[in-house]
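Enquirer: Here it is, the structure in full.
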Amino acid sequence: MTQLSCLLIGEETLVIGCGDALLARGHAITGVVSGNDKVRAWARAAGFAQATRFEDLIIADDDIAVDWLLSVANPGVIPQALLALPRAGTINFQDGPLPDCAGPNTPAWALMAGAPKHGITWHLVEGTKDEGDILCLKAFGIAADETAFTLNAKCYAAGLEGFDTVLDQIEAGALDRRPQDPARRRYFKPSARPEAAGRLDF
């Protein structure tokens, strides 16, 4: 198996779980971009180049040409300069089932809508936000007493499990690409607010 070099960007501790999975399979991590103190501390302890912004990341010349950029729970728009860096492409984690739940905070939206199930998606980064062919989609039920905390925990566990599936595809050199249906796309803007929920009546 050929060793892959990966650059990680993201704001949640799922970055650490995915990073550990990469290392366990013998792959290399070129650098980590995150505003999360725990993520950067993990990267620092492991000896990886790390920074809060891509512009501040200092990578050795020998490591600049990375194979994959992995966007893990990354709420921001990835700069074009960063998208141009990986040789093979960019893969993103979405904590919702695409194309039905694009955008941020989808677990909370699923709970407010009373959805019976939710899911996570790993997909290629192509086009605009949360577009691109799906590589892995894992669905799971929402319990009657589900909270945002427990549903996010389910997304974390499913995200790690799905990442193993994505790594299998990458290592085999055969991506299981499934195009998204644009007619089903529903995007929740970062500025979106529920009409009735989430308010205090004084």
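Enquirer: State whether the residues of segment 42-57 include one that is farther than 24 Å from T150 by Cβ, under 17 Å from the mean Cα position of the chain (by Cα) and in contact (Cβ under 8 Å) with a residue 40 or more places away in the chain.
Expert: There is at least one residue in segment 42-57 that is farther than 24 Å from T150 by Cβ, under 17 Å from the mean Cα position of the chain (by Cα) and in contact (Cβ under 8 Å) with a residue 40 or more places away in the chain.
Enquirer: Same structure, new question: Scan segment 17-47 residue by residue and report those that are open to solvent by 20 Å² or more (accessible area, probe 1.4 Å) and of a type outside the set (A, V, I, L, M, F, W, C).
Expert: D20, R25, G26, G35, N36, D37, K38, R40, R44, G47
Enquirer: Does G119 qualify as being in a loop (DSSP other than H, G, I, E, B) and surrounded by 15 or more Cβ atoms within 10 Å (Cβ to Cβ)?
Expert: Taking the combined requirement at face value, the residue does not satisfy it.
Enquirer: On the given criteria, is T90 assigned to a strand (DSSP E or B) and over 17 Å from R185 (Cβ atoms)?
Expert: Spelling it out, T90 is indeed assigned to a strand (DSSP E or B) and over 17 Å from R185 (Cβ atoms).
Enquirer: Quick one: which of I91, I142 is modelled with pLDDT of 85 or more and under 17 Å from the mean Cα position of the chain (by Cα)?
Expert: I91
Enquirer: Please specify each residue of segment 122-171 satisfying the condition of being open to solvent by less than 70 Å² (accessible area, probe 1.4 Å), of a type in the set (D, E) and closer than 25 Å to P79 by Cβ.
Expert: D130, E131, D133
Enquirer: Within segment 114-124, can one find any residue that is under 24 Å from Q169 (Cβ atoms), among the aliphatic types (A, V, I, L, M) and modelled with pLDDT of 90 or more?
Expert: Yes, because at least one residue in segment 114-124 is under 24 Å from Q169 (Cβ atoms), among the aliphatic types (A, V, I, L, M) and modelled with pLDDT of 90 or more.
The values are calculated or read from the model by the stated rules, or taken from the named source; none is laboratory data. Keep in mind that this is a model prediction, so the values were computed, not measured. Using ideal geometry, Cβ is built from the backbone for each residue, glycine included, and neighbour counts are taken over all protein chains shown. All accessible areas refer to the heavy atoms of the entire protein, side chains included, with ligands and DNA or RNA removed. Shrake-Rupley method; radii C 1.70, N 1.55, O 1.52, S 1.80 Å.
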